[in-house]
1. Among ALA260, ALA253, ALA265, which is closer than 19 Å to ALA218 by Cα, at pLDDT 70 or above, in a helix (DSSP H, G or I) and under 18 Å from the mean Cα position of the chain (by Cα)?
2. Kindly provide the set of residues from segment 290-308 that are farther than 15 Å from THR364 by Cβ and within 27 Å of the chain's Cα centre (by Cα), ordered by number.
3. Counting only residues that are hydroxyl-bearing (Ser, Thr, Tyr) and out of contact with any Phe, Trp or Tyr (no Cβ under 6 Å at 6 or more places or on another chain), give me the helices (runs of 4 or more DSSP H) lying completely in segment 1-90 with at least 2 of them.
4. Does LEU72 satisfy the criteria of being in contact (Cβ under 8 Å) with a residue 12 or more places away in the chain, surrounded by fewer than 21 Cβ atoms within 10 Å (Cβ to Cβ) and over 20 Å from VAL97 (Cβ atoms)?
5. Mind checking whether some residue in segment 25-35 is surrounded by fewer than 20 Cβ atoms within 10 Å (Cβ to Cβ) and under 19 Å from GLY137 (Cα atoms)?
6. THR282 versus (1) touching a residue at least 12 places away in the same chain (Cβ under 8 Å); (2) farther than 18 Å from LEU266 by Cβ; (3) out of contact with any Ser or Thr (no Cβ under 9 Å at 6 or more places or on another chain): which is the lone unmet condition?
7. For segment 288-332, name all the residues that are among the hydrophobic types (A, V, I, L, M, F, W, C) and not in a helix (DSSP H, G or I).
8. Please enumerate the residues belonging to segment 299-316 that are under 18 Å from ALA260 (Cβ atoms) and either touching a Ser or Thr at 6+ places or on another chain (Cβ under 6 Å) or surrounded by 21 or more Cβ atoms within 10 Å (Cβ to Cβ) (or both).
Amino acid sequence: MTNRGAQAAIAGAFCAVMAGPNLPTALLPSYRADFGLSSFGLSLLFAMYLVVLVPALLLAGKPWPRRNAALLLPLALLLAVAADLIMGLGAGTAEVVIGRALSGLSVGAATGAAAALVVAVAGERGRGSVATGNIIGGLLGTVLGVITAQWLHGPTVYFVHAGVVVLALTALLLALRGMSRSSVPVGTAAPGVAIGPGVAPGERTPVQERHAVLGTAAGAICWTAPALILALLPAMLRQATGPTGVLAATSPAVFFLATAWALQALVRRTRVGNLVTGQEVTIGTTACVVGLLILSGSALLQGSSASVPLAFLGCAFAAAGPALGYRGGMVLATQGLAAHWQSAATSRYAAICYGSSAVLTIGTGALGAATSIGIGLAAGTALLALCGAAVVAVILSSEAARFRAEAALTVPASGPRSVLPA
């Protein structure tokens, strides 16, 4: 199998895994009604997979997982199937909690493994591929959940997803079998792949290390925004649309993910990529801050005619967070590293981002339970916007020019747009 075919199989497998945690997005409001959950209970249910995911990501950065990515990614797919079957066959909160926990293990195992495999196959262009998979998988999972919740029996979505994962696993195993041994991340990249020698994390320059810290901070903010939007915004809107308004309540969340995917495609495949090179983190975080402030206003106006239009507008701006800020932060956090260190660095980056999103999602849900879900969401988005504004201020005051210079130095021969990997 060609490198391109192997890259597609790896990316498809990771997207299939990432779709799993997003399947319940359309079902969370129903779970709230069926199980009698408060907004705090709802946020706990959503965050259960994050609570398991963070330690799983940290363990995935250890030496054995780092050297065995080709074994770890298929295992992640098997865990995803197990999660689907438990949540699909179960009828209570215990099964949903166990399924969400297994989804966390699945994503934790897949994140670093997929990153290492793609970088080994594709070289520097693959540095941010996991961020793209996060968006595509999230969009597919959410859309699939909305369709089945609106027109089919809700838990059917888990069985459909299990079938998709089995197909992705089959393609992945065929791809791994066809890859040469040198293309598996044991320290070198695939033959003919331009990646450079790379270094260990502690061997980068002080400027690169500082950029990695800023990229991680921006990434954590930009990745917490989707958690708040997907966990609590549909439940807040469902209070206004009623029990039959699944599509109306979840449409801003679907719009958010679709916009994020469209922004990534626009940057990667058009000349817009040349314009934002070196500024992905700054632009993405700034737009995310604006979107979060608009969403905060939408939450405060819950129940009014302006709430839903503001929610769509806020989602449009906030989508730049995961599309540009999170992806650009991942590139900064892993820049210059050897292929076999990509797994550990990506897992650590994702652990910090997911951990931050878990803390704020649970805290926002707790505040919503004590007051109202609208007030809780308004406070959570406003606090996140404040943190994002602080990071942007640091970048603009001292690092923006260095980001541009560093991006220019790492542009491969194929052209400047590949600094935002396909």
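1. ALA260
2. VAL290, GLY291, LEU293, ILE294, GLY297, SER307, VAL308
3. 28-35, 39-60
4. No; evaluated as a whole, the condition is false for this residue.
5. No, segment 25-35 has no match at all.
6. Looking at each condition in turn, THR282 falls short on (2).
7. Correct list: LEU301, ALA306, ALA319.
8. ALA311, GLY314, CYS315, ALA316
The values are calculated or read from the model by the stated rules, or taken from the named source; none is laboratory data. Just so you know, these numbers come straight off a predicted model, no measurement behind them. Please note: Cβ atoms are built from the backbone with ideal geometry, for glycine as well, and neighbour counts cover all protein chains shown.
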